[in-house]
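I have placed the structure first, in the form of structure tokens, so that the comments after it can refer back to it.
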Amino acid sequence: AQTVTQSQPEMSVQEAETVTLSCTYDTSESNYYLFWYKQPPSRQMILVIRQEAYKQQNATENRFSVNFQKAAKSFSLKISDSQLGDTAMYFCAFMKHRGGSEKLVFGKGMKLTVNP
Amino acid sequence: DARVTQTPRDKVTEMGQEVTMRCQPILGHNTVFWYRQTMMQGLELLAYFRNRAPLDDSGMPKDRFSAEMPDATLATLKIQPSEPRDSAVYFCASALGVTPGTEAFFGQGTRLTVV
């Protein structure tokens, strides 16, 4: 079974600073997908970024980028130039590559607060 | 603006009552998930469907929970009878499950409180 661990329950950062959220996972699969989801106070789960394990290049989406270390089973999210709207819970999630196995396994989440 | 719609947004009910949560997936999506979020357990998959057929409901307590898709535009999650430990936020998500790694789009969830 796959497990996802987010060891930092909470972080805070000043506006415009850079922050890194950590995530580790455990799996015996060789191909899989990793995701970061954001959950603001509205409760809506929003996809931030996605990484395919067989791609060596780290994914980036505007101010969001990941540091994917496959051998270490590590998948951290870097938020640059943080904004007040980035305040939210952030969840790391794992999905198998196999067709018909689209279910997500989530970490427990991390609360990020961006202060003015 | 395509989105997953869940109703009700919030529900307070008494222990022992039946609760029905509804979800309208994004039009054209053929995969529907039900997740439950609690402080203690985080987000857990309860069940998911492909083309209206259940693929995995191993995360769902079978004695009181049931999930169905009467048609492609409606998914339901029922709890009968409800118990205080069922208090949680229940999320529905949908995806176009054609290729692996496809994004799941979430609804805003139903916050259930059982008193």
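Among what's in the range A:67-116 and is at pLDDT 95 or above, touching a Pro at 6+ places or on another chain (Cβ under 9 Å) and among the hydrophobic types (A, V, I, L, M, F, W, C), pick the residue that is nearest to residue A:37 (Cα to Cα).
Applying the filter and picking the extreme gives A:89.
Name, by its number, the condition in (1) surrounded by 15 or more Cβ atoms within 10 Å (Cβ to Cβ); (2) under 20 Å from residue A:109 (Cα atoms) that does not hold for residue B:23.
If we test residue B:23 against (1) surrounded by 15 or more Cβ atoms within 10 Å (Cβ to Cβ); (2) under 20 Å from residue A:109 (Cα atoms), just (2) comes out false.
Can you name the residue in the range A:7-56 that is within 9 Å of chain B (Cβ to nearest Cβ) and among the polar types (S, T, N, Q) and is also surrounded by the fewest Cβ atoms within 10 Å (Cβ to Cβ) among such residues?
If we filter the range A:7-56 for residues that are within 9 Å of chain B (Cβ to nearest Cβ), which is where we start, we get A:31-33, A:35, A:37, A:39, A:42-47, A:50, A:52.
Narrowing the set further to residues that are among the polar types (S, T, N, Q) leaves A:31, A:39, A:42, A:44.
Working: A:31: 13, A:39: 21, A:42: 10, A:44: 18.
Among those residues, the one meeting the criterion is A:42.
Answer yes or no: is there a residue in the range B:30-48 that is among the small types (Gly, Ala, Ser) and assigned to a loop (DSSP other than H, G, I, E, B).
Here is the first cut: in the range B:30-48, the ones among the small types (Gly, Ala, Ser) are B:42, B:47.
In the following step, the residues that additionally are assigned to a loop (DSSP other than H, G, I, E, B) were identified as none.
Checked against the condition, which is being among the small types (Gly, Ala, Ser) and assigned to a loop (DSSP other than H, G, I, E, B), the range B:30-48 yields no hits at all.
Look through the range B:80-102, keep the residues that are out of contact with any Phe, Trp or Tyr (no Cβ under 8 Å at 6 or more places or on another chain) and facing another protein chain (nearest Cβ under 8 Å), and return whichever of them is surrounded by the most Cβ atoms within 10 Å (Cβ to Cβ).
B:97
Residue by residue, here is whether (1) in contact (Cβ under 8 Å) with a residue 40 or more places away in the chain; (2) under 11 Å from the mean Cα position of the chain (by Cα) holds:
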{"position": "B:3", "(1), (2)": "yes, no"}
{"position": "B:26", "(1), (2)": "yes, no"}
{"position": "B:35", "(1), (2)": "yes, yes"}
{"position": "B:41", "(1), (2)": "no, no"}
{"position": "B:47", "(1), (2)": "no, yes"}
{"position": "B:54", "(1), (2)": "no, no"}
{"position": "B:59", "(1), (2)": "no, no"}
{"position": "B:67", "(1), (2)": "no, yes"}
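For the range A:57-80, indicate whether the set of residues that are surrounded by 19 or more Cβ atoms within 10 Å (Cβ to Cβ), touching a residue at least 24 places away in the same chain (Cβ under 8 Å) and closer than 30 Å to residue B:53 by Cβ is non-empty.
Looking through the range A:57-80, none of the residues is surrounded by 19 or more Cβ atoms within 10 Å (Cβ to Cβ), touching a residue at least 24 places away in the same chain (Cβ under 8 Å) and closer than 30 Å to residue B:53 by Cβ.
Can you find even one residue in the range B:18-25 that is at the interface with another protein chain (Cβ under 10 Å from one of its Cβ atoms) and of a type in the set (S, T, N, Q)? If you could, list the steps in order and put the result at the bottom.
Just the residues of the range B:18-25 that are at the interface with another protein chain (Cβ under 10 Å from one of its Cβ atoms), to begin with: none.
Looking through the range B:18-25, none of the residues is at the interface with another protein chain (Cβ under 10 Å from one of its Cβ atoms) and of a type in the set (S, T, N, Q).
The values are calculated or read from the model by the stated rules, or taken from the named source; none is laboratory data. Computed from a prediction, not measured in an experiment: that's the story for all the values here. Reconstructed Cβ throughout: ideal geometry from the backbone, glycine too, with neighbour counts over all protein chains shown.
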